[in-house]
Structure formats: C-alpha cells, structure tokens
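Since the structure comes first, as structure tokens, the remarks are kept for the end.
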Amino acid sequence: MGNVSTVVWVLFNLGVLFMLALDLGVFHRQAHRVSVKEAAGWSIFWIVLALIFNVVVYFWMGSQAATEYLTGYLIEKSLSVDNLFVFALIFSYFRVPHTYQHRVLFWGVLGALVMRGTLILVGTSLIARFHWIFYVFGALLLASGYRMLRHDKEQDEFDPEKNIVVRMVRKIIPVTGDYDGQRLFTRQNGLLKATPLFIVLLVVESTDLVFAVDSIPAIFAITQDPFIVYTSNVFAILGLRSLYFLLSHVLDRFRYLGTGLAIILMFIGLKMLIMDFVHIPVTVSLAVVLIVVSASIALSLWASAREAQEA
C-alpha cells in the first residue's frame, strides 16, 4: 500500500462509504428526477471536495504528490466524461425513466469503485514486479487513442443486446418485460425475476470496466503511488452521476471532446513508451491535459454556436 498506512486507507474508504450512504439514504432516498439545479449543486460539491483533498495531500505528502494527484484527477475526470455519452445511449435504448436513472448510476458507481480498486491493486503489483509492463500500458493507450480517433462515431452503433454479459444473464435469469419501480429484482407468480433495470445496471458496469482498462493505465504514467492513483480515481468517479444529469441535455454539443481525449491517451501512451529515455515532468502532463481538454470543449461550443447562428 505504498507509504500510506493501513489506517489511512481504511479511514478514506469509510469516508467514501459514508458519503455514498448519505447520498442514497438521505438526499436520494425517494426516487425522483434530478433537476439541473440539483445536479449542478452536487457537481460543485464533489469538485470542491476533490480539490480540498488535493490541499490535504499538498500539506501531508508534498507538492510533487499534490501535482500528481491533480493531474491524475483531471485525466480520470476527462476520460470519465466519455462514459456519459454511453450512459445516455444506454438509458435511451432501454427507455429508463428519468426517476430511476440516479439509482442505476449509484449502484454503477459503487461497482466501478470496486472494479477500479481491484485493477489498481493488480496494476501496482505488476509494475512493482515487471518494469516492462509500462511498455504494454503505453502501447495499449496508443492503440486506444488511435481507435477513438478512427471511430469517433462508434457510439452511434452501440447495441447493448450484443453485450456478452447481458446475453449470459438472460440465459440464466428470467427477466420481466416491464420495470417494477426502482427494483432490480421482483417476484412474479412466486418466481424471482430480474427487472430490465438490473440489465441496465449490468450494461453500465461492463461498459465502465472497458473504460477503466483505458483510464487506469493512463494514471500510472503520472504516478505509481497506489494511494494517489486510487484517490484521484475515486473522486473522479464520485462526481460522475451529478455530471451526467448536469450535461445529459447538452452532450451532443461536445463533438470534439472525443478527439481531445484521444489525443490525451496517445500523449500519455507515448510518455510511457519513452519514459526510460526522455523524462516528461508531471507539470508538463498537467498542462497538456488542461490545454487539450479546454481547447476541445471551446472548439465544440464554438462549432455549436456557429451552427445555431446559421440555422
């Protein structure tokens, strides 16, 4: 667990679980449609909390660790935005009522934290034993970035029914034809069945696993400290739900964001491949991420505004 004691790991995870319990058990106990105002408030809350933790890291672990955390957080936050496009497609495909979307994303985030924690643990162990794994990660990121550039419209061909997890579950567990509120399972004629909401959750979880395979190696190019890798991932994921509800109506305006994320992936992949020959400081990586993301968002909004004027 690096230089951080087990007590700190336990306290941090207990704090995360407490925040999630407070979120679901108090603020979202009753299923409701999340408004833009509510989503904006929660988005600001999670971002501020992440930045406060960054300050804690600065005074506790030093400026280098704080810069690594901030860079990792921005990378994971930027890459996680790509998940939002897929979430929108999944909810649209399965016609998930707005009232139940938050519950799906809540359990999805919980599962994502477990999966990413496991991947980080495995990745840290591999890096400690095999230095050449950096080259594998670098090649993987270059390939992912290239694929993203070439298939920018890949989401248009998205078909959840082709998901292998969904096909396997449908063969094992009977699924009802209609939703039963926000329940994942229900009983019909004494038989326990999964609801379509459970299928949606499976698609969300398996999709995040695919994205995690790209994003986890990316942060190892910034730092190999498991605590920094894990905490930056956690804070990026925690704010994902509120960010979705905030941006779900305007996602189509960010047309160049995918291109920007592809460039970031390819830059980080290249950094990992040449790290034994050329050292690229973390501050340079931070600057590249900020510039590329800002430019892609600005260009997207400019293009949307220009189209609106022409129309």
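Read-outs throughout are calculated quantities, based only on the coordinates presented, and are distinct from any laboratory measurement. All of these numbers come straight from a predicted model, not from anything done at the bench. With ideal geometry, Cβ positions are generated from the backbone for all residues, glycine too; neighbour counts draw on all protein chains shown.
When the alpha carbon gyration tensor of the chain is reduced to an equivalent ellipsoid, its three semi-axes come out at 32, 24, 21 angstrom, largest first. Electrostatic tally near P174: other residues with Cβ closer than 15 Å to its Cβ, Lys and Arg +1, Asp and Glu -1, net +4. Quick one: angle between helix 36-61 and the longest Cα principal axis of the chain, in degrees between 0 and 90, rounded to 10, please. The two axes meet at around 30 degrees.
Dipole size of the chain about its Cα centre, with +1 on Lys/Arg Cβ and -1 on Asp/Glu Cβ: approximately 640 debye, rounded to the nearest 20. For S242, neighbours were defined as the other residues whose beta-carbon sits under 13 Å from its Cβ, and their charges (Lys and Arg +1, Asp and Glu -1) total +1.
Tell me which of V48, T71, W9 sits at the most positive position along the dipole axis of segment 3-94, charges placed on C-beta atoms (Lys, Arg +1; Asp, Glu -1). After comparing all options, I get V48. Which net charge results when you count Lys and Arg as +1 and Asp and Glu as -1 among the other residues whose beta-carbon is under 11 Å from that of V114? That works out to -1. Magnitude of the charge dipole for segment 1-152, about its Cα centre and with charges confined to Cβ atoms of Lys, Arg (+1) and Asp, Glu (-1), is about 340 debye. For the chain, the longest principal axis of the alpha carbon atoms and the long axis of helix 98-129 meet at an angle near 40°.
Pairs of Lys residues in the chain that lie 8 or more places apart, or on two chains, and have C-alpha atoms under 28 angstrom apart add up to 9. For segment 168-260, relative contact order (Cα pairs under 8 Å, six or more residues apart, normalised by length) works out to 15 percent. The helix-only estimate of mean residue ellipticity at 222 nm for the chain, built from DSSP H runs of length n ≥ 4 each weighted as -39500 (n - 2.57), is -25000 deg cm²/dmol after division by the residue total.
Sticking with the crude label model, points 7 Å out along Cα→Cβ, report the distance from L22 to R306 in nm, one decimal please. In this crude label model, L22 to R306 measures out at 4.5 nm. Taking packing as the residue-averaged number of other Cβ atoms within 10 angstrom, the listed peptides 301-309, 117-125 run from highest to lowest as 117-125, 301-309. Out of I219, M168, T186, whose Cα points farthest toward the positive end of the dipole of segment 6-310 (charges: +1 Lys, Arg; -1 Asp, Glu; placed on Cβ)? The Cα lying farthest towards the positive end belongs to T186. Positive-end ranking of V288, V104, V136 along the dipole of the chain, with charges on Cβ about the Cα centre, is headed by V104. Helix 226-238 and the longest principal axis of the C-alpha atoms of the chain enclose an angle of approximately 40°. Relative contact order of the chain, taken over Cα pairs closer than 8 Å and 6 or more residues apart, is 32 percent.
Separation of segment 32-71 from segment 207-280 is 16 Å, based on Cα centroids. Here S206, S285 are placed in order of increasing Cβ neighbour count within 10 Å, fewest first, which gives S206, S285. Relative to one another, the C-alpha centroids of segment 162-197 and segment 295-310 are positioned 42 Å apart.
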